[in-house]
Amino acid sequence: MLRATFSSMLQRKLRLTLSGLAVVLGVMFVAGAFVLTDTLGRSFDGLFTTVYSKTDVEVTAKSKIAASEASHDEVPTPLPASAVQTVDDVPGVAVAHGIAMADGARVIGADGKIVNSAGPPRFGTNWLGDQPLRDGHGPQADNQVAMNAALAETAGLKVGDSVGILTLQPKRMFTLVGIFGYDGGKDSLGGAQVVAFTEPVAQELMLGERSVYSSIDVRADDGVSADTLKGRIASKLGDGYVVKTGAEAAAERSAGPKEFLSFFNKILLGFAGVALFVGIFLIVNTFSIIVAQRTRELALLRAVGASRRQMVGSVLLEALVIGALASLVGLGAGIGVGALLAAVFSQVGGGDLALAGIGVPLSAVIGSLAVGILVTLIAAAIPALRAARIPPVAALTEAATPDRPLTRVTVAGGAVFAAGAMLLGIGLTGVGDATLWTILGGVLISFIGVALLTPVIARPVVGAVGRLFAWSVPGKLGRLNSGRNPRRTAITAAALMVGIALITGITTVLSSTTASLTKLVNEQVQADLIISGEQSGPRPPTFDPAVLDRAAALPGVDAVAGASFDQALVDGKRQSVAGVNDLAAVKRIASLRATAGTVDELSAGQVVLDKDLAAKAGVTLGQRITTQFSRGAPHTLTVTGIYEKSEMVNGWLVSAVDAADFGIPQPVQGYLKVADGASVADVRTQVTALLADSPEVTVGDRSEFVKQQTSQFDTVLAMIQILLALAILIAVLGIVNTLALSVLERTRELGLLRAIGLRRAQTMRMVTVEAVVISVFGALLGVTVGAGLGTAVVRALKSEGITQLALPWTQMGTYLVLAAFVGVLAAVLPAIRAARVNVLTAIAYE
Amino acid sequence: MGTMPEGMTAAARAVDVWKVYGTGEAQVVALRGVNVELERGRFTAIMGPSGSGKSTLMHCLAGLDAVTRGEVYIGETRLAGLGDARLTQLRREQVGFIFQQFNLLPTLSAEENIALPMAIAGRKPNREWLDAVIDTLGLRDRLRHRPSQLSGGQQQRVACARALVSRPDVVFADEPTGNLDSRSGAEVLAFLRNSAREYGQTIVLVTHDPNAASYADRVVFLADGHVVAELRDPTAETVLDTMKRLDAMVLG
């Protein structure tokens, strides 16, 4: 039995290789994800151990605004200078340094543009003099800075240059007086950009007030352990402070990048999931074909006494061998991919994260092998059971291709699809927990349902698609061939469907979001020009608040409204708040309507909020509200107005005076209304001039604003397109597989056709049409299912502001055309094989 | 073989044709200097036992296989040196085929199968001729059927119609009745004979069945790669006698 299995496997090397390849790709991503996470995780651990190598204990203030459901980041709170003295006096403390450091020092490079870090933080800090200087000296005056070598190099700056830096305050000019590196000759630690100011400047620009620090860095006396010292300091400082050992702080800081890493990890696992899911179709098809081809052989085995169990075992053993081999290859490839990605990551933003050795955790090996083998076995199970049902008598009869009725599979498909759709519905409407998993499960099960329904629709749809090619005889023959085995055609097309459905669905959601935003901006914003920037990191782009006043003073400008944003504790609850410079302008530009009080003006100490929120929070006009912004002492604000909520303006609005205590007090967006009769272009030119010192933002019209706000969609799309390419690659393997088999099965027909005068080129065209019909059918399915899926999601997100449904017709058309090309590509080898069929061997019957 | 009557050319002919398969130890000589002319408008049978080279000869004559030495002509066209494209074109314009089995495309109806060579060539069949062929073969009420819905005899009749519909120079029929019961076989053979007599269609039948050969105007006997005998206006008995005589020769 065993020998029979292996000898028949060897005869089908090509087909098994093709289906194995799908598993290889899937497993590669699984293993790659594991290796990447492990390698980079240990690299980050190493990095922060280095960062904290001179720190025995770190002290920070307890955050006034803790993490919440809405935002997982806690807002850091500065600690007073007196605390440094307190800590310094603790016995066992060798030295206690106050550190005034925060992310958000944006340096303007030699080219006049903000130096982007693409991920790693951009720290501004006080100069402690503990890093090795490469050139010059540390900052000694308030107009001097030093920066780390990596930043200086990226920015194209050298000692003596003057440099503009954006911080909590608008652009300020400094002289670069020193460039420093790190122990071991490093230019940066993990790609972080660091600018060092004198202490008062660092406090003012990075923390917003003098005489405060972000943390205290403590060195212990010799013989005093970090843990002992941590206890002493904690008891001395009391409540309101967080005291950690250097090791604890390192581990905690390392968790941040690791979280980002886990996001990337999920993307890789998503790729793996799609590859394996599509691969299942390919494997099911391959094994079905193998079983069908071996019908007589299997029946003979049954006739000579093999049991059903042995039949199933024979097929599953084959799957096991392929799954194991493919998984091993995939594991190897995955280690390579993981190592490669880790290397790429470590170089991001000119940073040089010292890579720990490439790690292959045991979990990667076990996970990869288990996933690969399991997927192959599951996919082979159905064909295996079919093999077991072959009656021994089939060995004696002419092996006719049994055209079994499609009723059962159709009913099953309908039921599965309904279940998937229901699950999807539940997930989208947000009933119950674990919504994301419900949605994913729903999508997956819906796909399987559609795949099961595909054979029934294959014949009519394939016929209709094929009509496009009916103008030539080879075309017609190809079309007819593609309709011959609806199950095989269907499952081949279904593999292609998955990838195209995914991208169509996502494109539908994205284009609907853009359309909704466009409609919103056009209907609700009466602004002719909008100042905004493209967000590329954790912090939004900002500009100098003075620009708002200067713009308002320009001739031809009617109204200017600017907004800044923050997280605040409002009566003890974490809320989003916005600061506005001129509520009257907001009222005019966003057609704000008061339902109580007034929205004509907003002075210091006043707050307005929308009606819905007021009802929910039980807030009434004239009520006094205690508000703690990211920085500073609590503000007591009086409610002076309640307004009608809109998509554009909602929530708590405070005056620019109060907004000075925001974490980022500078405005993020500005809206300009040009006076009737004035030239928008003229105003735009002048505002552009005003923004010269705010390189993070630009001024544009409404459509440019929408484009800017949706620019991140391109990144999402690029990612999804990689996914699509992968899914298509596997689907192409499936088409090649199916066609190669068709050619093999129809050798005699091909011989006959060649004998009666079909040219080689015509033979190739016939096979190509068959491939194109199958792939276009798959793409049609994908586009339809994807549009349906996208529509469902868009409908579910209606309450989130996605009110418009915009189907991406252009992209959908592109995918269909792409599918046709894919078909042509997949047909190349089988077509050549078909054209080479020897007429004589094909028609010989002895 | 003698020369053709004045003004009459052979529909196909082989001149000193050799066909050798393989090299060295495994070398098999299938044809050893075969000379044969297939007269236009006649029904010729090529007979011989298995391994006599009769199928090889047909393949060479039909342009399906290349000869090792010698010349093959279809009409005035010399096959030697023709590329695949020219040979394919020649087959579809000047040759018709009827095989023992796998004659029809399962995806096409009987009518579409009949018109297939014309369709491949991008030509329209002559309607009158098509109708005549269909009616003679009694396929009128079977035109919309697929091959799987036809009996073996009907399938072979469809194959006959397909071979004849483009009025080729030669129709090659390779054991066309091998898989049929005797009645269906007789119908097919009678049709082939009539096509030659009534429409002047040149037909070459390859067979090992003396009864089938007796339908022909002329029988060419092949043994061991040589033309060994020839009969004109054969009957089943004369064919059988010739075969016995040849067997005795071979055995002796």
**OP:** Evaluate the following for A:Ala725: is it surrounded by fewer than 21 Cβ atoms within 10 Å (Cβ to Cβ), at negative phi and outside the structural domain of A:Pro545 (by TED's automatic domain parsing)?
**Re:** yes
Original post:
Among (1) free of Cβ contacts under 8 Å to residues at least 40 places away in the same chain; (2) within 36 Å of the chain's Cα centre (by Cα); (3) within 22 Å of A:Ser694 (Cα to Cα), where does A:Lys171 come up short?
Top reply: (1)
**OP:** Looking only at the range B:74-88, count how many residues are facing chain A (nearest Cβ under 7 Å) and surrounded by fewer than 17 Cβ atoms within 10 Å (Cβ to Cβ).
**Re:** 2
Subject >> Where a residue in the range B:98-112 is under 22 Å from B:Asp141 (Cα atoms) and facing chain A (nearest Cβ under 9 Å) and its partner, wherever it lies, is among the charged types (D, E, K, R) and in a loop (DSSP other than H, G, I, E, B), with Cβ under 8 Å and at least six apart >> reply: B:Pro106/A:Arg484; B:Pro106/B:Arg146; B:Thr107/A:Arg484; B:Thr107/B:Arg146; B:Leu108/B:Arg146
**OP:** Please work out if B:Phe43 is without any contact (Cβ under 8 Å) to a residue 24 or more places away in the chain and aromatic (Phe, Trp, Tyr).
**Re:** no
**OP:** Identify the residue in the range A:453-465 that is farther than 16 Å from A:Leu496 by Cβ and touching a helix residue (DSSP H, G or I) at 6+ places or on another chain (Cβ under 8 Å) and, among all such residues, is farthest from the other protein chains (Cβ to nearest Cβ).
**Re:** A:Val456
Subject >> strands (runs of 3 or more DSSP E) fully within the range A:593-688 counting 1 or more residues that are within 28 Å of A:Gln169 (Cβ to Cβ) and touching a residue at least 24 places away in the same chain (Cβ under 8 Å) >> reply: A:606-610, A:624-628, A:635-643, A:652-655, A:669-674
**OP:** Could you tell me whether the range B:162-171 includes any residue that is more than 11 Å from every other protein chain (Cβ to nearest Cβ), small (Gly, Ala, Ser) and over 25 Å from A:Glu745 (Cβ atoms)?
**Re:** no
**OP:** Would you please name the residue that is farthest from the other protein chains (Cβ to nearest Cβ), looking only at residues in the range A:466-476 that are crowded, with 22+ Cβ neighbours inside 10 Å and within 16 Å of A:Gly823 (Cα to Cα)?
**Re:** A:Phe469
Original post:
Which members of the range A:158-185 meet the condition of being surrounded by fewer than 21 Cβ atoms within 10 Å (Cβ to Cβ) and in a loop (DSSP other than H, G, I, E, B)?
Top reply: A:Lys158, A:Val159, A:Gly160, A:Asp161, A:Gln169, A:Pro170, A:Lys171, A:Gly181
**OP:** Would you tally the residues in the range A:684-731 being aliphatic (A, V, I, L, M), more than 18 Å from A:Gly786 (Cβ to Cβ) and out of contact with any helix residue (DSSP H, G or I) (no Cβ under 8 Å at 6 or more places or on another chain)?
**Re:** 2
Original post:
Within the group B:Arg123, B:Arg157, which residue is of a type in the set (D, E, K, R) and either at pLDDT 90 or above or buried (at least 20 other Cβ atoms within 10 Å of the Cβ) (or both)?
Top reply: B:Arg157
**OP:** Return the residue satisfying two criteria in turn: it lies in the range A:258-313 and is among the polar types (S, T, N, Q) and part of a helix (DSSP H, G or I), and of such residues it is farthest from A:Phe34 (Cα to Cα).
**Re:** A:Thr295
Original post:
What tally of residues in the range A:147-168 results from selecting those that are charged (D, E, K, R) and free of Cβ contacts under 8 Å to residues at least 40 places away in the same chain?
Top reply: 1
Subject >> Meets criteria (within 14 Å of another protein chain (Cβ to nearest Cβ), modelled with pLDDT under 90, surrounded by 24 or more Cβ atoms within 10 Å (Cβ to Cβ) and on the phi < 0 side of the Ramachandran plot) for A:Arg754 >> reply: yes
Subject >> Filter result (charged (D, E, K, R) and either at pLDDT below 85 or in the same structural domain as A:Val93 (by TED's automatic domain parsing) (or both)) within the range A:34-55 >> reply: A:Lys54
Subject >> the range B:113-125, subset in contact (Cβ under 8 Å) with a residue 40 or more places away in the chain and not small (Gly, Ala, Ser), residue farthest from the other protein chains (Cβ to nearest Cβ) >> reply: B:Pro125
Subject >> Test for B:Glu71: is it more than 8 Å from every other protein chain (Cβ to nearest Cβ), assigned to a strand (DSSP E or B) and either of a type in the set (Asp, Glu) or touching a Pro at 6+ places or on another chain (Cβ under 9 Å) (or both) >> reply: yes
Original post:
Any residue at all in the range A:772-782 that is hydrophobic (A, V, I, L, M, F, W, C) and either within 14 Å of chain B (Cβ to nearest Cβ) or free of Cβ contacts under 8 Å to residues at least 60 places away in the same chain (or both)?
Top reply: yes
Original post:
Among the residues of the range A:826-842, which ones are part of a helix (DSSP H, G or I), surrounded by fewer than 24 Cβ atoms within 10 Å (Cβ to Cβ) and out of contact with any Gly (no Cβ under 8 Å at 6 or more places or on another chain)?
Top reply: A:Val828, A:Leu829, A:Ile832, A:Arg833, A:Ala835
Subject >> Failed criterion for A:Asn116 (all others in (1) more than 26 Å from the chain's Cα centre (by Cα); (2) in contact (Cβ under 8 Å) with a residue 40 or more places away in the chain; (3) surrounded by fewer than 19 Cβ atoms within 10 Å (Cβ to Cβ) hold) >> reply: (1)
**OP:** Take B:Gly81 and decide whether it is of a type in the set (Gly, Ala, Ser) and free of Cβ contacts under 8 Å to residues at least 60 places away in the same chain.
**Re:** yes
Original post:
Out of (1) in contact with a Lys or Arg (Cβ under 9 Å, 6 or more places away or on another chain); (2) assigned to a helix (DSSP H, G or I); (3) among the β-branched types (Val, Ile, Thr), the odd one out for A:Ile530 is which?
Top reply: (2)
**OP:** Please work out if A:Ser446 is surrounded by fewer than 23 Cβ atoms within 10 Å (Cβ to Cβ) and either within 14 Å of chain B (Cβ to nearest Cβ) or touching a residue at least 12 places away in the same chain (Cβ under 8 Å) (or both).
**Re:** no
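Any chance you could count how many residues in the range B:54-68 are crowded, with 16+ Cβ neighbours inside 10 Å and more than 14 Å from chain A (Cβ to nearest Cβ)?
Qualifying residue count for the region: 0.
The values are calculated or read from the model by the stated rules, or taken from the named source; none is laboratory data. Note that the structure is a prediction, hence the values are computed from the model and not measured. Neighbour counts are summed over all protein chains in view; Cβ atoms, including those assigned to glycine, are modelled from backbone coordinates with ideal geometry.
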